[in-house]
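Remarks on the structure that follows.
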Amino acid sequence: MKQGYNSIVSILIILLLTGSLLFSNILLADNDKHRVLVLHAYHQGYEWSDEISRGITETFGTLAPNVEIYFEYLDVIRRPAPGQQLLLQEQFKARFEKEKFEIIIVADDAAFNFALELEPDLFHDVPLVFTGVDDFTPERIKNIRSFTGIEVKASVEETVQLALRLSPDAKRLAVISGSRLTEKIFLQQFEEAKPFFEDQVEVIYLTGMEEDELARELRNLREEDLILYLSWLQTPSGNYFSPSEALNIITSATDNRIFGIRDFTLSHGVIGGKVVYAYNHGETAALIALDLLKGTSIHEIPSMHASPNQYLFNGKLLAEYGISEKLLPDNSFIINRGTDYLIETWGQIERDGFIGYDIFENHGVPMLLIDARAGVIIDGNRAAFNFYQYPDLIGMNISAINLLSEADILAEIDRARRLRNNFFQFRHLLANGEERDVEVYSYPFEVAGTELLFSLVVDVTTRNLAEKRARTTVYWVVWLSILSILILSVFITVLSINIRRRVNTEKRLVKSEQRFRNLFNNVQDIV
């Protein structure tokens, strides 16, 4: 039925066989541990910081597993008081004065400034790689020879030009920005890019506003007006919002199309744009650090690298606003695909000649392709249909089959995606209501910009039952052996007691006989 394709299994085997060759010139040659400190301005759980960490961790994990990473967080959003930073400086001096790091990566402006202040006393002999820094000028590091890194530079012109091309009826562009230093820098970058598109659209500034004022202005926009969200996380009065809170306020007040310049905003109502991509910042910082660890002098590396921005879009919002993906730039990356689109895309890939699909389709082991984020089954081979017996297997969520809770299933999927943990033991529900024990081997890969899990499902119910019976048999054999030993011990004890008693009785009889003989021999004849 589906002929002329190569299997995913074949691809995985090829990748496994060739992976070491591909990276042989990149991996650090020695086996010694290298200590790298990553200093974040914000807190763990803040999306921007977490994605930078992921870029760093996955790059080191792939290219240099002998690098030991230490993460520290200044938490400046939740603890903004100047006294807090002074306290942290003293803590760092006490903690790291004796601990030596080969590289220090600092993420975002507050961490950059913090490292500049500590550099003379604590970090002066250590190369520092900065990333995610907005307020950067070469003058700031002209007297420090151990700094290099990546500046944040928003792609405002490209994003606005694309938004206008995707919305030809738009005549006005509302620009949203807040009161933080980063937000003012982004607004300045917008002004620098404005001459390239100001003759195409009227600009409305919704900048430096309180929550109520911003919501009111958004409700007054025309239906065809566009919104460019730079960043609005702090109001003039000092109220702070998380990215999700800020965009929830905005999307609750308007249905207009919103484009943006930061990657983490796409999860909260922004369609997309050419965005500052946190993962790329972390990845680039790690690659610079690897060059330094391999012996490249920091003086041979440019003191500033271009912001590695990426065309990124929310697939569900593209569909919701009727924006065709064919209109997007060729190098666009799309996240958050809808289930129907994923299934349709996968079918199209098959028709276009996905290599070795016939092996996948006809293999005797049940195999599933699962959307790594939504948990939806995109495809299954014949063995999977025969095993599960669900006629509508494609399109089902794995939670309908896996007997774990939905939260646990998502946690296991995340382990497979991020940690590359590929072996799991589950209990799956068949269409006839029967429960089966299965071992699942899952491998992440990407199709059309979407992460999928290629999962092999091995039914181990019979084996588990046999092992259970064997354990039960061993259990009873052990207990019967112990019982037999106890009975034998009792028998031996009783026998020993009886023997002892018999010996004692015999001894008493001998003594009694001896006394009788003595008495008899000494009795006079007359008697």
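For this structure, a couple of remarks:
- Of all residues in segment 166-182, those being of a type in the set (S, T, Y) and assigned to a helix (DSSP H, G or I) number 1.
- For segment 376-384, the count of residues that are touching a residue at least 24 places away in the same chain (Cβ under 8 Å) and either open to solvent by 20 Å² or more (accessible area, probe 1.4 Å) or among the basic types (K, R) (or both) is zero.
- Per-region count, segment 385-411, residues among the β-branched types (V, I, T), without any contact (Cβ under 8 Å) to a residue 40 or more places away in the chain and part of a loop (DSSP other than H, G, I, E, B): 1
- Residue in segment 455-478 that is of a type in the set (D, E), modelled with pLDDT under 85 and in contact with a helix residue (DSSP H, G or I) (Cβ under 8 Å, 6 or more places away or on another chain) present: no
- Among (1) under 30 Å from T62 (Cβ atoms); (2) modelled with pLDDT under 85; (3) open to solvent by 30 Å² or more (accessible area, probe 1.4 Å) - the single one E283 does not satisfy: (2)
- When segment 41-67 is limited to residues that are within 22 Å of E99 (Cα to Cα) and within 18 Å of the chain's Cα centre (by Cα), the one that is surrounded by the most Cβ atoms within 10 Å (Cβ to Cβ) turns out to be I56.
The values are calculated or read from the model by the stated rules, or taken from the named source; none is laboratory data. No experiment lies behind these values; they were computed from the predicted model shown. Please note: Cβ atoms are built from the backbone with ideal geometry, for glycine as well, and neighbour counts cover all protein chains shown. Quick note on the areas: whole protein, heavy atoms, side chains included, nothing else; ligands and nucleic acids left out. Shrake-Rupley method; radii C 1.70, N 1.55, O 1.52, S 1.80 Å.
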